[in-house]
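Asker: First the structure, which I've put down as structure tokens, then a few questions once you've had a look.
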Amino acid sequence: MPTSTLVCEGFLGLAGASSVGLGMPNLPVALVPGHTGVQSKDVLRRNILEVTLDRVVGNLTSPPKEALMEDEPAARAIVCKGSFEDVNEYFEANELSDGLPIVPPTRDKVEAFLRSTDRDPDEVLGIMLPDSRAATVWSVAVNGVMAGCRPEYMPVLVALAEAMADPYYGVEHSGNTPGGETLIILNGPIIKQLGFNYTQGVMRDGFRANSSVGRFWRLYLRNVAGFLPHKNDKATFGNTWRVVVAENEDILAKIGWEPNCAEFGFPAGTNAVCIARYTGGNHISSVSGSTPEETLPYIADAMVRQHSWQLMFTVGQGMGTLRPMMLLSPIIAETIAGWGWSKRDLKQYLYEHARISAEQFSRILRDWTMKPIWDLKEEAMLGRIPKAFHESDDPKRLVPMVWEPDDFMLAVTGDLMRNSVYIFAHNGVLGYPTGKAIQLPKKWETLLEKGRRK
Amino acid sequence: MADREYEALWPRSPRQVGVKPLARRLDTLKGKTVAQLWDYVFRGDEVFALLEEGLQERYPGVRFISFKEFGSTHGSDEREVLASLPRKFKELGVDAVISGMGC
């Protein structure tokens, strides 16, 4: 079927890079000058009729250019021989690193990583868009070496690559405009076995396991999925990668709350990773009160304040896919749980109290961000969204931020003796929460012991 | 002390797609049926209306199938929407597709 793809000026580079990954490097696109979001009706009309129209006609009626694909190295090819500096110059020049020095991925180092998993090096964990590359166990090891991981982190890295390749997560959206960055949350005994920080400064660099695994994520996203800035990664501003957040499972056990991995059906004690993309986050300080009733109004208010355009994932583009994440410091979780509240009770409270006026909801999406024509009343009457979004015609009525209480996600971590929470604004369907169990090799204890001796 | 020489491996992995040939282009749009696909952002509704106006002026008889017929190509049900396209194109007698908005 002949096609023409309408592409704004700033996205022509991305269109070119994506079409190569899809095996259609000559896919014709029609230029839309500038960006439609800031154009008057007159300017938009002129641009479309005087520029885009001709391109569309050409795309649909003229033979496309010859399709050419560049040759690439073989899967296990040595691409550079030289000193540490030579290797780093090569990797930087060929867009294979994140700008920081990498550990040269030599065969002996890669093989050490492969000894930390029972998986076949050639096993394909999934196909990564937009580059359509195979996520192999081998490539996980190579990028893990580069990131500065220890070999025994390999089971975590494999689980992360599996999660990244899961269609449910939607890795292909990772280069979108808001530049949301993935947060990895870790559960299970492996937290302590590998020395992940799960207390004070849990999101701070300074802990090799948390930092290097977080760096691995971004390197893998770049090298295998294909998200390079100025090409497939079109984040307007972007973020650097996040270090891994490990939950404080001692506190969870003490207060009887399930770990975050239970969201994905993994019981307490399971080694598991959870990934989701968040556009922003904010520390909420001085959460005060000795009862849930005293503490939670501030948290519910803060939850609303961290979200704006992201409501498009509640009603609009995402339709019930907004999953806000909140980290609670241990004493806040203990205070709430001390009154007999479960995680589910807390989620229910947020569902009922973290609300926004229907008028504001509509204003953000329809008027301010020019999202498509929709109406809470119409959507509710057609049964496309829950009735809670239209219980009356009063524009001042309060509507929920999410479809169900369980859409809120909670994790307990951070400084043991501080009264804070941290709230992440979620990216909806463009990085949906996905969990994977971590498979340990049969000789895990021996490998750990070897690692400790080093 | 001499610097060690490293033999560094390629960190990517092979692409799993080869070149896919594109469909033959049309001789003219006159009398043809053109489907509109939209990701429901960046004023695509206005852009498609303008393109309809311009194409109808140049190619009398060109017919359009609105994006409303197909659903959003970039949302929570995008996989279902994309999977349904070949069948819908066939049923609706679509000859060509315009897809937007890449912004």
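Here, each number is a calculation from the coordinates, and none is a lab measurement. On a predicted model such as this, the values are computed, not experimentally measured, just so you know. Note: ideal-geometry Cβ built from the backbone for every residue, glycine included; neighbour counts use all protein chains shown.
Asker: Give me the percent of Cα-Cα pairs in the stretch A:5-61 that sit more than 18 Å apart, rounded to a whole number.
Answerer: 36
Asker: Counting each DSSP H run of 4 or more residues in the protein assembly as shown as -39500 (n - 2.57), what helix-only mean residue ellipticity at 222 nm follows after dividing by all residues, to the nearest 500 deg cm²/dmol?
Answerer: That calculation yields -9000 deg cm²/dmol at 222 nm.
Asker: Between A:E404 and B:D45, how many nm apart are label points set 7 Å from Cα along the C-beta direction?
Answerer: 3.0
Asker: Still on this structure: Per residue of the stretch A:327-337, in order, report the coupling 6.51 cos²θ - 1.76 cosθ + 1.60 (Karplus, θ = phi - 60°) as ³J(HN,Hα) in whole Hz, putting x for Gly and Pro.
Answerer: Coupling constants for the stretch A:327-337: 8, 10, 5, x, 6, 5, 4, 5, 4, 5, 5 Hz.
Asker: Same structure again: Just need log10 I(q)/I(0) for the protein assembly as shown at q = 0.11 Å⁻¹, Debye formula, equal scatterers on the alpha-carbon atoms, no solvent, rounded to two decimals.
Answerer: Taken in order of the listed q values, log10 I(q)/I(0) reads -1.07.
Asker: Is there a simple number for the mean count of other chain Cβ atoms within 10 Å of the Cβ of residues in A:425-432, and what is it?
Answerer: 1
Asker: Filter the cross-link list A:K347/A:K387; A:K192/A:K443; A:K343/A:K443 down to pairs whose alpha-carbon distance in this structure exceeds 27 Å.
Answerer: Beyond 27 Å between Cα atoms: A:K343/A:K443.
Asker: What is the ratio of the Cα radius of gyration of the stretch A:309-428 to 2.2 N^0.38 Å, with N the residue count, to two decimals?
Answerer: In units of the globular-protein estimate, the stretch A:309-428 measures up at 1.17.
Asker: Give A:K81/A:K109; B:K68/B:K90; A:K41/A:K231; A:K41/A:K371; A:K65/B:K90; A:K234/A:K371 a once-over and call out the pairs whose C-alpha atoms are over 21 Å from each other.
Answerer: With Cα atoms farther than 21 Å apart: A:K41/A:K231; A:K65/B:K90.
Asker: Here's another thing I want to ask about it. Using unit Cβ charges (K, R positive; D, E negative) and no other charged atoms, how large, in debye to the nearest 20, is the dipole of the protein assembly as shown about its Cα centre?
Answerer: Rounded to the nearest 20 debye, it is 480 debye.
Asker: Moving on. What is the spin-label model distance, in nm, from A:A268 to B:R24 if the labels are put 7 Å beyond Cα along the C-beta direction?
Answerer: Going by the 7 Å Cα→Cβ label model, 6.8 nm.
Asker: What is the ratio of the Cα radius of gyration of the stretch A:56-110 to 2.2 N^0.38 Å, with N the residue count, to two decimals?
Answerer: 1.83
Asker: Rounded if a/c is under 1.5, else prolate if a/b beats b/c, else oblate: with a ≥ b ≥ c from the C-alpha gyration tensor eigenvalues square-rooted, which is the stretch A:99-242?
Answerer: oblate
Asker: Computed from the mean reciprocal separation of all distinct C-alpha pairs, what Kirkwood hydrodynamic radius does chain B have, in Å?
Answerer: 16.7
Asker: Another question, if that's okay. Need one number: nm distance between label points at A:R344 and A:R384, each 7 Å from Cα along Cα→Cβ, rounded to one decimal.
Answerer: 3.2
Asker: If packing is taken as the average number of other Cβ atoms within 10 Å across a peptide's residues, how do B:59-71, A:138-150, A:168-180 rank, most packed first?
Answerer: Final packing ranking: A:138-150, A:168-180, B:59-71.
Asker: Taking amide H positions as placed in the peptide plane 1.01 Å from N, state which residues far from A:A246 in sequence (5 or more) or on other chains have amide H under 5 Å from it.
Answerer: Under 5 Å from the amide H of A:A246 lie the amide H atoms of A:L186, each far enough along the sequence or on another chain.
Asker: Quickly rank A:66-73, A:201-208, A:417-424 as a protection proxy: mean count of other C-beta atoms within 10 Å, highest first.
Answerer: Taking the mean over residues of other Cβ atoms within 10 Å, the ranking is A:417-424, A:201-208, A:66-73.
Asker: Let's test the formula: R0 of 56 Å, r as the Cβ-Cβ distance of A:R46 and A:K443. What FRET efficiency results, to the nearest 0.05?
Answerer: Efficiency for this residue pair is about 0.25.
Asker: Same structure again: Ordered by packing density, taken as the mean number of other Cβ atoms within 10 Å over each peptide's residues, highest first, how do B:12-23, A:429-440, A:106-117 rank?
Answerer: A:429-440, A:106-117, B:12-23
Asker: Still on this structure, I have one more. How much net charge surrounds A:D118 when only the other residues with a Cβ under 9 Å from the Cβ of A:D118 are counted, with Lys and Arg +1 and Asp and Glu -1?
Answerer: +2
Asker: Would you grab the residues whose amide H sits under 5 Å from the one on A:C80? Only those 5+ places off in sequence or on another chain, please, with H modelled 1.01 Å from N.
Answerer: B:A8
Asker: Per-residue Cβ counts within 10 Å, from other chains only, averaged over A:47-53: what number is that?
Answerer: The shielding value for this peptide is 4.
Asker: Please list the non-local residues whose amide H lies under 5 Å from the amide H of A:G320, H modeled 1.01 Å from N, same-chain partners needing a gap of 5 or more.
Answerer: A:T314, A:V315
Asker: Can you compute 3J(HN,Hα) from phi for each residue in the stretch A:179-193, using the Karplus curve 6.51 cos²θ - 1.76 cosθ + 1.60 with θ = phi - 60°, rounded to whole Hz and x for Gly and Pro?
Answerer: Values per residue, Gly and Pro as x: x, x, 10, 6, 10, 9, 10, 10, 10, x, x, 4, 4, 6, 4 Hz.
Asker: Within chain B, what percent of beta bridges assigned by DSSP are antiparallel, to the nearest 5?
Answerer: 0
Asker: Per residue of A:224-231, count partner chain C-beta atoms within 10 Å of its C-beta, then hand back the mean as an integer.
Answerer: Whole-number average of other-chain Cβ neighbours for A:224-231 is 1.
Asker: Restricting to the protein assembly as shown, what percent of DSSP beta bridges are antiparallel, rounded to 5?
Answerer: 60
Asker: I would also like to ask the following. Stretch A:A77-A:S357 to full length: gain in nm at 0.36 nm per residue minus the Cα-Cα span?
Answerer: Once the chain is fully extended between A:A77 and A:S357, it gains 95.0 nm.
Asker: For chain B, with only Lys/Arg (+1) and Asp/Glu (-1) charged at the beta-carbon, what is the dipole magnitude about the Cα centre, in debye rounded to 20?
Answerer: That gives chain B a dipole magnitude of about 500 debye.
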